[in-house]
Amino acid sequence: MKVSQLQPKEYAAFYETYISQVSDEYSLVEELEISLHRFIKFVQDIPMDKFDYRYAEGKWTIKDIIQHIIDAERVFAYRALRFARKDATELPGFEENGYVDAANANQRSIMELLTELSAVRHANLFLFKSFQEEQLLRIGIASNNPMSVRALGFTIIGHQNHHQKVFEERYLNL
């Protein structure tokens, strides 16, 4: 299943920012794995003095953003699990700024954050590998919008890719 197979009714327009960041070269499961390795290698090449850098007052550090990626992936995967299991409960949004403020990512090492990201992604790889085609097509409501299980998987990838671009453009000036 590739990102080009998604239908517009499977996700809110807001998520197009992330969905558009996913290559159509690989399947969902392949890209979940490949994008993890690509991101870890990218982060490992960032100079150590950049991890606590903020490009403007009130902006997140690279460590904050990595923690945000981890937290968001957990939320998206939880939604995918609920929808795949036919749970019709509408799920609320989450306040990303509050999560970042409460996480204390800047007190952690970059290796600790990357290890956690890897553990979360590997767990989600098993989750998405376990879904059958019919489950990937199921749609639930999150943040007052419809979202399919497979769109949530592609959102995990696209969200990470989006933030990697932010690192390049605003933190590293690449």
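The values are calculated or read from the model by the stated rules, or taken from the named source; none is laboratory data. None of these values were measured; they are calculated from a predicted model. So basically every Cβ, Gly included, is an ideal-geometry build from the backbone, and we count neighbours across all protein chains shown. Heavy atoms of the whole protein, side chains included, go into the accessibility calculation; ligands, DNA and RNA do not. Shrake-Rupley method; radii C 1.70, N 1.55, O 1.52, S 1.80 Å.
What is the total of Lys pairs in the stretch 42-174 with C-alpha atoms under 17 Å apart, excluding same-chain pairs fewer than 8 positions apart? Don't skip to the end; give the middle numbers.
Numbers: Lys50/Lys59; Lys50/Lys63; Lys50/Lys165; Lys59/Lys165; Lys63/Lys165.
Summing the qualifying lysine pairs gives 5.
On a 0 to 90° scale, report how tilted helix 62-84 is relative to the longest principal axis of the chain, with both axes built from alpha carbons and the result rounded to the nearest 10.
That helix lies at roughly 10 degrees to the long axis.
Determine how large the accessible area of Glu16 is when every protein chain is in place; take a 1.4 Å probe and give Å² rounded to the nearest 10.
Ignoring ligands and nucleic acids, Glu16 comes out at about 80 Å².
Assuming R0 = 30 Å, can you tell me the calculated FRET efficiency for the pair Arg54 and Gln5, based on Cβ-Cβ distance, to the nearest 0.05? Intermediate values should be presented prior to the final figure.
Values: r = 39 Å, r/R0 = 1.29.
FRET efficiency, Arg54 to Gln5: 0.20.
From the phi angles alone, apply the Karplus equation (6.51, -1.76, 1.60; θ = phi - 60°) to the stretch 40-45 and give each ³J(HN,Hα) in whole Hz, x where the residue is Gly or Pro.
4, 4, 4, 5, 5, 8
Which of Asn104, Asn161, Asn124 moves the most in a Gaussian network model of the chain with Cα springs under 10 Å?
Top of the fluctuation ranking is Asn104.
Carbon-plus-sulfur fraction of the accessible area of the chain, 1.4 Å probe, in percent? Walk me through the intermediate numbers first.
Details: 4460 of 8760 Å².
C and S fraction of accessible area: 51 percent.
Using the Cα gyration tensor of the stretch 63-143, with a ≥ b ≥ c the square roots of its eigenvalues, what is the shape: rounded (a/c below 1.5), prolate (a/b larger than b/c) or oblate (neither)?
Numbers: a/c = 4.25, a/b = 1.61, b/c = 2.64.
Here the stretch 63-143 falls in the oblate category.
Taking 7 Å along the Cα-to-C-beta vector as the label spot, tell me the Glu96-Arg108 distance in nanometres, rounded to one decimal.
The two pseudo-label positions are separated by 1.7 nm.
Could you state the accessible area per residue of the stretch 14-141 in Å², with a 1.4 Å probe and every protein chain left in place?
Numbers: 6810 Å² over 128 residues.
With the other protein chains kept in place, the stretch 14-141 gives 53 Å² per residue.
Ordered by residue, what ³J(HN,Hα) values in Hz, to whole numbers, does the stretch 144-158 give under the Karplus form 6.51 cos²θ - 1.76 cosθ + 1.60, where θ = phi - 60° and Gly and Pro are x?
With coefficients 6.51, -1.76 and 1.60, one gets 6, 9, x, 8, 8, 4, 5, 5, 5, x, 5, 5, 4, 5, x Hz.
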